[in-house]
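Everything on this sheet refers to the single structure shown next.
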Amino acid sequence: MLRVIVVDDGSSDKTAEIAKLAGAEVLMHHQNLGKGAALKTGFHAARDADIILTLDSDGQHQPREIPRLLEPLIKGEADVVNGSRYLNGNGKETPSYRRVGQNVLDTATNISGKNLDVTDSQSGFRAFAGHTLPVFRFRSTDYTIESEMLIDAAKAGLRIKEVEISATYGEENHHKKNPVSHGVSVLVRILQDMEFNRPLYYFTLPGVIMILVGVILSLKFFTDYLSGGSSTLLPTALAGLVAIFGSFLAFTGLILHSVSRMIFRAMGK
């Protein structure tokens, strides 16, 4: 049975009334709780469905492309299907300032997720097999939920497939939130998750870089001191501190990596 569920997240327009007149099942938040909260409400309502498909309400996605997302699930080729605006080099219609931010968020999401390789981590046009529902934490209440769900799916070993979708941009579907502050807030949340999910990237890699920089600078400054080019060892000491701090970061990442692996093994993942 096909169900169309509209989650009205505290809107001040006539979304709920129009959706009801169109025959949709409307679930309402009496105040704005954020996209993550809206998705949690919608997924809970559709918890017995064989397939769940999500679609943003800002008009950028094309409902006629829904069969394209459903096909991999129906054929048993995927557990999660991500509609990508940028697959195969597409997305030229996306405003350039958005695309730069998208690239940063895509990279951070892929690093945080295990074996994750998506080209549109912020897509709201997705399809999910019903059995995937327990995997998702829905911890994020805002737009960070897009990356969180992909990371959760990847960590659980779900098969994620991307299909090409189009998008329409206009004044009517711009986010109310400033795109720069929105992107930064999402990136910060992804990095916070990365502390536990991928500590080798978050701590160890920067630590190793700091060790190398510190050692190279220490040798350079000490050589200058021995040759008389410098009258103080202060630069050498400061560079040594950089190397020491880098060692601390690197070992922290290794320890957290070992701890996270132990936890995942205990959880059977």
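Bear in mind these aren't lab numbers, they're just calculated from the coordinates by the rules spelled out. Small disclaimer: the values here were computed from a predicted structure and weren't measured. Because the Cβ atoms are built from the backbone with ideal geometry, glycine has one as well, and the counts that use them run over all protein chains shown.
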- Message: Here is the link list: 14/75; 14/35; 35/114; 20/114; 35/161; 40/114. Which ones come out longer than 29 Å on Cα distance?
- Response: 14/75; 20/114
- Item | Karplus-derived 3J(HN,Hα), 6.51/-1.76/1.60, for each residue of the range 63-68, Hz, glycine and proline x | x, 5, 8, 4, x, 5
- Note on the structure: Calc'd 3J(HN,Hα), the range 115-127, phi into Karplus 6.51 cos²θ - 1.76 cosθ + 1.60 (θ = phi - 60°), Hz, glycine/Pro = x, comes to 6, 9, 8, 10, 9, 8, 6, 9, 5, x, 9, 9, 10
- Final fewest-first order of 71, 162, 77 on the 10 Å Cβ neighbour count is 77, 71, 162
- Message: Between the range 6-41 and the range 201-230, what is the separation of their alpha carbon centroids in Å?
- Response: 56 Å
- Other-chain or far-sequence residues with amide H under 5 Å of residue 6's (modelled H): 25, 26, 27
- Query: In nanometres, what is the gap between the two model label sites at residue 14 and residue 215, each 7 Å from Cα along Cα-to-Cβ?
  - Reply: 7.0 nm
- Along the range 150-159, what does the Karplus equation 6.51 cos²θ - 1.76 cosθ + 1.60 (θ = phi - 60°) give for ³J(HN,Hα), rounded to whole Hz, x for Gly and Pro? 5, 5, 4, 5, 5, 4, 7, x, 6, 7
